[in-house]
Amino acid sequence: MSNGFLPTTETVHAESAEMVAETVRRAGSQRSAVYPIGGATALAFGAATETPGLGLSLARLNGLADYPARDLTVTVGAGMTLGEFGRLLRKENQRLPVDVPQAAAATIGGAVATNFSGPRRFRFGTIRDYLLGLTAVDGSGKIFSAGGRVVKNAAGYDLARLLVGSLGSLAVVTEVTLMVKPVPEASALLGVALAELRKADSLLASLVESEVEPVAIELAAGALPRQSPLRLGDGTAAGQLWLGFEGSETDVRWLVDKAAACCRQLGAEPRLIDGAAEAGELWQTLADFPAPDGQPTLTVEAAVLPSQTVAAAESLLKLDGGAAILCHAGDGIIVARFACPPDRAAALASDAREAIRLTGGKAAVLSAPAESRLDRSAVWGPATEALGVMERVKRKFDPQGILNPGRFIFATGTP
Amino acid sequence: MARSSATDVIPQLQKLLGREGVLSDPADLVVYDCDGLTIEKRRPEAVVFPTTTEATAEVVRLCNRHEIPLVVRGAGTSLAGGCVPIGGGLVVSLTRMRRILEISLRDRMAVVESGVLNLQLARALAGTGFHFAPDPSSQTACTIGGNVATNAGGPHTLKYGVTVNHVLGIEAVLGDGTIVRLGPVFDRAALDLTGVIVGSEGTLAIVTKVWVRLTRDPQDYRTVRVVFESLDDASAAVSDIIAAGIVPAAMELMDRGILAAVDEAYHFGFPTDAEAIAVIELDGLKAGLDEQLTRVAAICQRHNAREVLQAATADERALLWKCRKMAVGAVGRISPSYIIQDGVVPRTRLPEIIRQITRISAKHGIRIVNVAHAGDGNVHPILLFDERDRDSVRRALAAGKELLEQCIACGGSITAEHGIGIEKIGLMETLFGKENLEVMGRLRDALNPAARLGLGKVLPSPDAPKILETVGTCQALP
Ligand SMILES: Cc1cc2nc3c(=O)[nH]c(=O)nc-3n(C[C@H](O)[C@H](O)[C@H](O)COP(=O)(O)OP(=O)(O)OC[C@H]3O[C@@H](n4cnc5c(N)ncnc54)[C@H](O)[C@@H]3O)c2cc1C
Ligand SMILES: Cc1cc2nc3c(=O)[nH]c(=O)nc-3n(C[C@H](O)[C@H](O)[C@H](O)COP(=O)(O)OP(=O)(O)OC[C@H]3O[C@@H](n4cnc5c(N)ncnc54)[C@H](O)[C@@H]3O)c2cc1C
């Protein structure tokens, strides 16, 4: 048992794509499961599985293959951590503007497999928007590559996009080519405490009318930790709205002034965070919100239309006023953390899913206490009409069903 | 059941779609022989015009029962022969599904049927402060469904990305007749099928409805035309601007050959001796634009720019963009036939590929004029020839092929935005190799198992219908 989440009997540390392929082939011939592991930060994500198998660590596939910085593209091993990757890019004043929790440990391959993103998603999108190509090993042990190394490419099917968010259930990613962006000159955050959550709606609506375009629109609500830098005011606020801005010094100054005026017009006095250190810490707090804090926690992620964000957050708070909630309000993404003993996780997840369904959205469990052993329907919800065709895709890439069996949406895959 | 002729099922089609929903009179079919790639033609047996997703699905199922191939068609502006029914059968035209169903600024989303024109959506959004970012040069004619199918780009792709970055969801009929609705709300419990159907050129699914993302209009623009002494200087300047970390909204190049035709057509008044002109647009907040422009101008000057002239009025900006976007339309003035190629290289290799284009033009005796979405490393060499002259056709195709092979050699790809269609299918193996194509084929097997939808397109196959004259199939010159 490597970590309480995966029933691994041993872990192989791959040194090359060929070794990944060989390991998968060997597992296939023994009909043994294979569990790819990157930085092991998100192994709580996915349904519980009892099928024993091999852990396949990508951590040593962490080399830099090519970084033509003037092209703003870079090719690295899937096991490189996002922290290391960030340092590499920083030297060229570039970055990948996708926020991943626990960047020091999380890997690029893991970020592709889990499709996680954070506050900057509003302006910068998700990893899929930066993924130009990759190399991977399918469930039969075949190495293949997809996409390319140019920023625009319409040749053939984009198999790289197919692997984003597939949770390592179609193929093991070994190398990734990404498009990167210049680091903006300046960054600032503007926060307002809200007496009631609904107030956020009028503020967000007035932003649509104004010319203010933040890169992040974050709404924090519920029981945030006492020392959380996200908290504002005297502690009685129902929520706090944080607007993030990036760009040239001139742009950011203009945006902050304008947004502050918007807030004041609606009777809210904003707090400006623009010192590099303080702003950096706040961005980090926002990005790390889903990360574990040592307490038994059920973390649910909901997605609704952006205009339904507040309603959805309220409905989750109604389930448990003690939940801590962070919404990427511009995208309608809500992450809710419930303090939850293992035996209550399944029921709470199901209640949360129903509450979100009523606001027109979908919900999935990001993590639950290990002992709760949530099954597929508890984690992912009921099967949708498109599951049939997704199952067909799964069988084409992993005919024996040995890659992360039972963890993602697929019924196939109990070897 | 053996393959039927589409004409055998006309009564069933009429029952599904009404008499007005089916064309089968040979005289009516002529315009469906080809698309924007005019050298490969094939007449369909019938053309149908469904108006709902369900009717589209019924057509697909009927065709599957009778083993009739089908090809989807939007506006038919494809430059890759994507709409040519090379295997015969039916053309499914989506041009009668052209309602804009919803615009929600608060959700930054519009819901449209696939046959809605790109320009139609742009017009509906004018004045709202938001727009749909993909702006292919063909936007007055092409459909949103076509943009989705080809993952279309345009001049402003440089800053805003291609179509896939702006699609929140789709409703589609898969090749096996299944209807799927994906999005618009993010679904973690799913494979990103939207992500792969976008850009699949009608070979996985027929997209009938699209949820598109809306982007805020920039507060202001700075649009400049920069006159260069050589194409080499111009492409080096573009590459340097990117490397400096500046992200203009667009950086387009036109060379002397195309400028002459453009000026004759639209009377902009470009200097007649300019070797190349770059159209560079910066957009965003008014406050920061002049600062950026100063940096861009300085880089251009380092590369011997003769002048950096800002469009003084909105009208002048509009005319400048018209010249760029309608440039291809002006080519008819200088050549009876032409092929617009679409290649892409890493942006730092732009000067190199431009030099190669000049070399290839001389080698094959084919005049080539150039436009380019230069900021993305995306070149559109336009090969001029005469369709009536067999030798000229042969040389044009050979030149096109060599050019795309050069793009591959530079670490690039054979299409950035126009797609593979039938035109480039012969180069797919050179680009990806057999092994990787096999893996791509699995996706088609899963979504479009009989491969009847979009028969003979995108993925090469030994039993596909023969294509006569494309860059992929032509004979190389010695
Ligand atoms: C739903 C969700 C919940 C999350 N919960 C938390 C959380 O509780 N705490 C936290 O800090 N962060 C969490 N994250 C964020 C996580 O840190 C990032 O997604 C990170 O990028 C995962 O990287 P990793 O290297 O740690 O992956 P791992 O945790 O090692 O693996 C995560 C999953 O991806 C698969 N995988 C990893 N690498 C590859 C590869 N190369 N090829 C194929 N499959 C691979 C694994 O099999 C596993 O299913 C969560 C993310 C998501 C999407
Ligand atoms: C002058 C000119 C300039 C151009 N400039 C650009 C440019 O700047 N950028 C760019 O990207 N392209 C450009 N193009 C190419 C072309 O306009 C685009 O590919 C456009 O997206 C095609 O749209 P359409 O509606 O005409 O599609 P069509 O040409 O009808 O179809 C294109 C392909 O998509 C498939 N298809 C169409 N609709 C659907 C649907 N609803 N579902 C499934 N499959 C479908 C067809 O089968 C075909 O394979 C240009 C073309 C011309 C003639």
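The values are calculated or read from the model by the stated rules, or taken from the named source; none is laboratory data. Note that the structure is predicted; figures quoted are calculated from it, not measured. Here the Cβ positions follow ideal geometry from the backbone for every residue, glycine too, while neighbour counts run over all protein chains shown.
Overview of results
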| quantity | calculated |
| --- | --- |
| All positions within segment A:244-261 that are surrounded by fewer than 20 Cβ atoms within 10 Å (Cβ to Cβ) and in contact with a helix residue (DSSP H, G or I) (Cβ under 6 Å, 6 or more places away or on another chain) | A:Ser248, A:Thr250 |
| Pick from segment A:180-199, criterion within 14 Å of chain B (Cβ to nearest Cβ) and not in a strand (DSSP E or B), ranking: farthest from A:Ala268 (Cα to Cα) | A:Val180 |
| Failed condition for A:Thr73, given (1) farther than 26 Å from A:Leu403 by Cβ; (2) within 14 Å of chain B (Cβ to nearest Cβ); (3) within 11 Å of ligand 1 (Cβ to nearest atom); (4) of a type outside the set (A, V, I, L, M) | (3) |
| Residue match in segment A:119-141 (condition: at the interface with chain B (Cβ under 10 Å from one of its Cβ atoms), at negative phi, touching a His at 6+ places or on another chain (Cβ under 8 Å) and touching a residue at least 60 places away in the same chain (Cβ under 8 Å)) | yes |
| Every residue from segment B:237-289 that is out of contact with any Leu (no Cβ under 8 Å at 6 or more places or on another chain), of a type in the set (A, V, I, L, M) and either in the same structural domain as B:Leu158 (by TED's automatic domain parsing) or crowded, with 21+ Cβ neighbours inside 10 Å (or both) | B:Ala237, B:Ile241, B:Met254, B:Ile258, B:Leu259, B:Ala261, B:Val262, B:Ile280 |
| Selection from segment A:84-118 of residues that are of a type outside the set (A, V, I, L, M, F, W, C), in contact (Cβ under 8 Å) with a residue 24 or more places away in the chain and not in a loop (DSSP other than H, G, I, E, B) | A:Arg90, A:Gln94, A:Arg95, A:Thr107, A:Gly109, A:Gly110, A:Thr114 |
| Options B:Glu264, B:Glu291: the member that is assigned to a helix (DSSP H, G or I) and without any contact (Cβ under 8 Å) to a residue 24 or more places away in the chain | B:Glu291 |
| Wholly enclosed helices (runs of 4 or more DSSP H) of segment B:101-204 bearing at least 1 residues polar (S, T, N, Q) and more than 12 Å from chain A (Cβ to nearest Cβ) | B:118-125 |
| Looking only at segment B:411-452, and only at residues there that are in a loop (DSSP other than H, G, I, E, B) and farther than 17 Å from B:Ser78 by Cα, the one that is farthest from ligand 1 (Cβ to nearest atom) | B:Arg452 |
| Checklist (1) among the hydroxyl-bearing types (Ser, Thr, Tyr); (2) surrounded by fewer than 21 Cβ atoms within 10 Å (Cβ to Cβ); (3) more than 9 Å from chain B (Cβ to nearest Cβ) applied to A:Thr309, failing item | (2) |
| Inter-residue pairs, beta-carbon under 7 Å, first assigned by TED's automatic domain parsing to the domain that holds B:Val164 and in segment B:197-209, second in a helix (DSSP H, G or I) and of a type in the set (Lys, Arg), 6+ apart | B:Thr203/B:Arg444; B:Leu204/B:Arg444 |
| Leading residue by the ranking (modelled with the highest pLDDT) among those in segment A:99-113 that are surrounded by fewer than 24 Cβ atoms within 10 Å (Cβ to Cβ) and under 16 Å from A:Val176 (Cβ atoms) | A:Ala106 |
| Residue count, segment A:84-127 (criterion: within 18 Å of A:Ala216 (Cα to Cα) and either more than 19 Å from the chain's Cα centre (by Cα) or more than 8 Å from ligand 1 (Cβ to nearest atom) (or both)) | 16 |
| Scope segment B:336-353; condition touching a strand residue (DSSP E or B) at 6+ places or on another chain (Cβ under 7 Å) and more than 12 Å from chain A (Cβ to nearest Cβ); matching residues | B:Ser337, B:Tyr338, B:Ile339, B:Ile340, B:Gln341 |
| Filter result for A:Gly280 (out of contact with any helix residue (DSSP H, G or I) (no Cβ under 8 Å at 6 or more places or on another chain), of a type outside the set (Ser, Thr, Tyr), surrounded by fewer than 17 Cβ atoms within 10 Å (Cβ to Cβ) and not assigned by TED's automatic domain parsing to the domain that holds A:Leu224) | no |
| Any hit, segment B:419-430, residues being more than 7 Å from chain A (Cβ to nearest Cβ) and over 23 Å from B:Gly36 (Cβ atoms) | yes |
| Selection count where residues are in contact with a strand residue (DSSP E or B) (Cβ under 6 Å, 6 or more places away or on another chain), over 18 Å from A:Ala195 (Cα atoms) and at pLDDT below 95, scope segment A:223-251 | 1 |
| Single condition B:Arg65 does not satisfy, out of (1) farther than 24 Å from B:Leu117 by Cβ; (2) buried (at least 17 other Cβ atoms within 10 Å of the Cβ); (3) of a type in the set (D, E, K, R) | (2) |
